[in-house]
Structures are given as structure tokens and as C-alpha cells.
Amino acid sequence: MPTDTDSHFYEPREGHDLPHDPFNAIVAPRPIGWVSTRSADGVVNLAPYSFFNAFAYSPPIIGFASTSPKDSVTNAESTGAFCWNLVTEDLAEAMNATSAVVPADVDEFELGGLTPVPGRVVDVPYVAESPVAFECRTSQVIRLSAADGTPAQSWLTLGEVVGVHIARDLLVDGVYDTAAARPLLRGGGPTAYFGIRPEHRVDLRRPR
């Protein structure tokens, strides 16, 4: 049996006593929240978020967290809509370009050399080059808090998926092929990303 001496234990509020905080390297890899929005003034924004995931089946709800109320959060809250775009390995450099800290009036689609396509359900463009995109209506914007109620420097934006775009070549006999899309996933630290390959797949059935 493992003992305390076999593991590194720390309380986050006291510091981790390691060269780098391991938290986001442990909770990894994670899908990337490549979020497009439009401001109330009509300015388009596109930015990637490291903390992103799906939260509900019915209705389908996704969400991304930001360490400050950045343009994506402000726009999604003020206009009530956003789009999520799948980041693939082929789009890695373009996605990275859109992570630049630029003034609110700068179009990140142009920075990444990307093509905006008008949404069919919401008034927000999605990325034409991405093989999958979700059109979303904002359902909640929540400032997170610590266990003691202290407000955290993190805002969670949740949205109901109201439109789904999928490249037809990713549908094999009507089933979405996750690995074929070659999604890019976020790891820990400032530079780590991971991919998915068919040979990494493991199938498990739930016990009855």
C-alpha cells in the first residue's frame, strides 16, 4: 500500500513547493474553448480558453471559464450568444495567433487568417476552417467563488447549443469519428498540447 512518503501532498493556499503549479497539467488534456463572439457594437472576437467542457446532454450545454471578464465573456453576456469552434491539429497555429492580447477592436479572425461564416441561428460568426462548430445562446455567466464564499478571479460562461455544424467526412455511417477530426487538446504549462489517435482508444462497457 502507498504511504504518505510515496506522494507529494500540498494545500494549494500554502503553495505547491514545485517548479510549476501542477494543477492544470493533472487535469489534462482538456478540450480547447475556441470561442467566437460579437460585441454589442458589432465587433467580432475570437479567443481560445484552456478551461472548457460540456456540462449537460439535454439541453446540450457547454461552458468556458475566463480568469477575467474578457471580451468573450462581456460579449456573450451582453448579446446573449457565442460560438464554439473545434481546434484541430491543422489549426494549431491559427488558434495560437488568436490568443494574442490585442485591443477589443482588433479582429482575431484576421490575425489567424481565418474565415468567419455567419451563424444560422445566432448572430455570431463561426470559423469556416473548423470541421465542427456549435452555435450557442448564453444561459448563465457566473463568477466563481472559493469554498468560503470569497469571489474568485474566474468567470464561467455557459451556453445552450442551438446549432451544430459537422463536416460530413467526420460522420462514418452516421457516427461522429472523434479521432478522425484530430482535435488538439490543452495540457499543462504555457506550451503543452496533445492529440488523439485511433490506437489510443479504449472501449469499456458499464457494469449492468
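Each Lys and Arg Cβ is given +1 and each Asp and Glu Cβ -1; about its Cα centre, the range 29-181 then shows a dipole of about 460 debye. Dividing the summed helix terms, -39500 (n - 2.57) for each DSSP H run of n ≥ 4, by the number of residues in the chain produces a 222 nm estimate of -2500 deg cm²/dmol to the nearest 500. The HN-Hα couplings worked out from phi for the range 165-174 by the Karplus form 6.51 cos²θ - 1.76 cosθ + 1.60 (θ = phi - 60°) are 10, 10, 4, 4, 6, 8, 9, 9, 6, x Hz, whole numbers, x standing for Gly and Pro. Ranking 147, 73, 85 by how far each Cα lies toward the positive end of the dipole of the range 29-181 (charges on Cβ) leaves 147 at the top.
Return the long-range amide H neighbours of residue 162 (sequence gap of 5 or more, or a different chain), with a cut-off of under 5 Å between placed amide H atoms. Sorted by chain and number, the residues that satisfy this are 135, 136, 137. Here is the P(r) of the range 37-97: all C-alpha pair distances, binned every 5 Å from 0, give 4, 16, 24, 24, 20, 11, 2 in whole percents. Farthest towards the positive end of the charge dipole of the chain, among the residues 58, 188, 116, is the Cα of 58, using unit charges on the Cβ of Lys, Arg, Asp and Glu.
Using the alpha-carbon positions of the range 29-181, Rg (one decimal) and Dmax (whole number) come out as 15.1, 50 Å. The alpha carbons of the range 93-161 give a radius of gyration and a Dmax of 15.5, 45 Å, in that order.
Between residue 170 and residue 16, the FRET efficiency estimated from the beta carbon spacing at R0 = 30 angstrom works out to 0.15.
Between residue 53 and residue 89, the simple label model (points 7 Å from Cα in the Cβ direction) yields a spacing of 2.5 nm. Students often get this wrong: which residues of the range 122-150 have the backbone nitrogen under 14 Å from the point 7 angstrom along Cα-to-C-beta of residue 61? It comes to 137-143, nothing else. Arranged from fewest to most other beta-carbon atoms within 10 Å of their beta carbon, 16, 200 become 200, 16.
Radius of gyration (Cα atoms) of the range 133-208, expressed as a multiple of 2.2 N^0.38 Å: 1.58. The listed peptides 5-12, 44-51, 17-24, ordered by packing as a protection proxy, come out as 44-51, 17-24, 5-12 (highest mean of other Cβ atoms within 10 Å first).
A short reminder: the numbers here are calculations on the coordinates, not readings from a lab. A quick note: this is a predicted structure, and the numbers were derived from the prediction, not measured. For neighbour counting, all protein chains shown are included, and Cβ atoms are generated from backbone atoms with ideal geometry for every residue, glycine included.
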